[in-house]
Amino acid sequence: MCPVLRGGANGNVGPLPDAQKCRDLARAICPAPTARVLLLRRLFRWLWGGDVSRAVRVLARQRPQAADPAAVDTLTTYLEARAEWIPNYRLRRRQRRFIGNGLGEKANDRIVARRQKRKGMQWSVETSDALAALRTLLLNDGWDGYWQQRRPLYLEAA
């Protein structure tokens, strides 16, 4: 899974839970479609409100009858590791603060992905970060200012 990065409840950026991963693990927990749908409804109700602890309690109650108790543990660990970054989607929607990744994905595509996905290319984290910084300078007209005056480009969120 490649986590998507977005702003979390406390302003940090981190991976949010992948709904498909939740569905896949729910399939291992509840192979029967009806039971799986009920489990996912309960989980997503609490996750939509940003309440990971209640979602984890739902999983704990499901554990005794789970077809695969290890899947319950895996999903519990997965959600707890991301709890800090799971916002209250319900409240954000009421406040019209929608969460979407269209602009972020397009920026990533323009800044990094097109360049790095060419045939035969390999990148380390360090060189990937350096390339992203240089491409950001170039695309935001900060290239000359940086190289001539060693003045960093300060970007503001819209």
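Just so it is clear, none of the values below were taken in a lab; they were calculated from the coordinates. Everything numeric here is computed off the predicted structure, so don't read it as measured data. When we count neighbours, we look across all protein chains shown, and the Cβ atoms used for this are built from the backbone with ideal geometry, even at glycine.
Charged neighbours of THR127, selected by a Cβ distance under 15 Å, balance to +2 (K, R count +1; D, E count -1). Note that region 104-146, at 4 °C in a medium of 1.567 mPa s, gets a Stokes-Einstein diffusion coefficient of 119 µm²/s from its Kirkwood radius over C-alpha pairs. Relative to its Kirkwood radius, the Cα radius of gyration of region 5-94 gives an Rg/Rh of 0.98.
Of the peptides 117-126, 139-148, 59-68, 20-29, the order by per-residue mean of other Cβ atoms within 10 Å, starting with the highest, comes out as 20-29, 59-68, 139-148, 117-126. Taking 0.36 nm per residue of sequence separation and removing the Cα-Cα distance, the ARG96/SER124 pair yields an extension gain of 6.3 nm.
If the chain linking ARG41 and THR74 were pulled fully straight, counting 0.36 nm for each residue of separation and taking away their Cα-Cα distance, it would gain 10.0 nm.
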